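The block underneath contains the structure these notes are about, expressed in structure tokens.
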Amino acid sequence: MKTPNKILIGSSSGLVEAPYERLISLLLDVQSGMVGGSRIPFILSGLTQASTSANLDIRGGPEHFTVYSTGVHVSRLVNVEVLRKEALVAIYGGYWYRGEYTLEQHQKGTLIKLSIYNIAPGFTKVFVPFLKEYRQLRNGYSSSNPRNPAFEAFLESIGKQLACKACTI
């Protein structure tokens, strides 16, 4: 997906004390098919909590995927873009949200940066700040509250998965 008119809402960074290659394998491993339980790609593990379905139907690839719920009421949950050469995985959905995770080698392990963008098309960008979801997300990146609990939980789950230290920086 080309997103030339991205407006940065906020970003968070973390350090995972694990080799870069292990993070690439963990976060950029998305493949097509019906998946459930431990076979759900790590980057999508939060979707089964947000959905009524315990399984996901991942279609497409190798760079662009669409993720659907399964069961009686099938619906599109998100789109995923995996750019292995750039060490980037993006999750986007609705008409305005795009979250990009980028990985970078570091002397102590791997840096992870999450950047959240407003990608609403054209003039509709001006309406996004009025959305409840946008305001909640934006408030999480205010200067008076530099912590991002969701990103901290994400890093914690990476640390548990890889049995290493992971923290925000």
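In table form, for the structure just shown:
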read-out	value
Those residues of segment 61-94 which are part of a strand (DSSP E or B) and either basic (K, R) or modelled with pLDDT under 85 (or both), in sequence order	R76
Qualifying positions in segment 28-44 - in a loop (DSSP other than H, G, I, E, B) and touching a residue at least 60 places away in the same chain (Cβ under 8 Å)	L28
Count of residues meeting criterion [over 24 Å from I112 (Cα atoms) and among the aliphatic types (A, V, I, L, M)] in segment 59-76	2
Yes/no for V82 being in contact with a Pro (Cβ under 8 Å, 6 or more places away or on another chain), touching a residue at least 24 places away in the same chain (Cβ under 8 Å) and within 30 Å of F127 (Cβ to Cβ)	yes
Leading residue by the ranking (modelled with the lowest pLDDT) among those in segment 27-42 that are exposed (fewer than 14 other Cβ atoms within 10 Å of the Cβ) and not small (G, A, S)	R39
Residues (among the hydroxyl-bearing types (S, T, Y) and in contact (Cβ under 8 Å) with a residue 60 or more places away in the chain) located in segment 8-27	S11, S12, S13, Y20
Criterion: polar (S, T, N, Q), closer than 23 Å to A163 by Cα and assigned to a strand (DSSP E or B) - qualifying residue of S13, S25	S13
Set E104, E100: member being within 18 Å of the chain's Cα centre (by Cα) and either surrounded by 15 or more Cβ atoms within 10 Å (Cβ to Cβ) or not charged (D, E, K, R) (or both)	E100
Subset of segment 134-169 (residues that are modelled with pLDDT under 80 and charged (D, E, K, R))	R135, R138, R147
Which listed residue, of I58, I24, is more than 16 Å from Y101 (Cβ to Cβ), modelled with pLDDT of 90 or more and either surrounded by 18 or more Cβ atoms within 10 Å (Cβ to Cβ) or of a type in the set (A, V, I, L, M) (or both)	I58
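The values are calculated or read from the model by the stated rules, or taken from the named source; none is laboratory data. Everything quoted here is computed from the prediction, not taken from an experiment. Reconstructed Cβ throughout: ideal geometry from the backbone, glycine too, with neighbour counts over all protein chains shown.
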